[in-house]
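First the structure, in the form of structure tokens, and then the observations on it.
Just so you know, all these numbers are worked out from the coordinates, no wet-lab data involved. Computed from a predicted model, the values in this text were never measured in an experiment. All Cβ positions, even for glycine, are placed from backbone atoms using ideal geometry, and neighbour counts span all protein chains on display.
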Amino acid sequence: MQKKFIFFRNLGLENWLTTIKKMNNFTKLRNVYTFDEIWFVEHHPIFTQGQLKEKENIIFSSDIPIVKTDRGGQITYHGPGQQVLYFLIDLKRRKISIRQLIDIMQKIVIETLSNFSLKAYIKERSPGVYINKEKICSLGLRIKKGSTLHGLALNIDMNLKPFDYIYPCGDMNIKMTQIKNFNSKIKLKDVQIILIEQISKLFKVIMINSD
């Protein structure tokens, strides 16, 4: 039964630390009867450092907080207008590897962007999704108790300036982009609808709104 459904929650605009505490608590308490969930959220401006943190990836100081996190990857930025998806998935139950989950996550984003006539692609050895040689979506995951935490961040209609203060994902050659740069009429809610459709399709599940 738990394999047939994934619950999704729309947390709106929420402080990053608040979400992380809830996510860690969810994972700590989950058991074989716990349904998988995917959380949709936007965060107040914040830089998050992955486990592969390097100070050299911070170019300029700013008033935006920098926090350490236990996800994979390096530094990135979150802010309003960016759709973050947290995947709280039991890998063993779904009989998929972390590599397969990453492939599914990237495909969800690529297919979603395709729905808006945006041609996106992936790069080998550089997880994430790209358009015209610029990065539009970043990924970072963590596994605890055989289940995943964290997820992806898709830039939709946000202030990209803070990305100039860092080397996004630890790569000085990465330039960030967003959906607004290609089509200013597309709103976050429009993207959410298609993301849910693609998640349902690629995980072969029924998505249930638990708000």
Sequence of V129, V191, V32 once ranked by neighbouring C-beta atoms within 10 Å, starting from the fewest
V32, V191, V129
Of I59, I64, I38, how do they rank once you tally other Cβ atoms within 10 Å and put the fewest first?
I59, I64, I38
Helix axis angle, 188-203 relative to the chain longest principal axis, alpha carbon, degrees:
50 degrees
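For region 107-206, what does the alpha-carbon gyration tensor say about shape, rounded, prolate or oblate, given a ≥ b ≥ c as the root eigenvalues, a/c under 1.5 as rounded, and a/b over b/c as prolate?
Oblate.
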Given GluC sites (Glu not before Pro), DSSP loops and at most 16 other Cβ atoms within 10 Å, the longest exposed-site-free stretch of the chain is 125-211
By how many degrees, between 0 and 90 and to the nearest 10, does the Cα long axis of helix 16-29 differ from the longest principal axis of the chain?
30 degrees
What one gets for the chain as the Kirkwood radius, inverse of mean 1/r over different Cα pairs in Å, is 17.3 Å
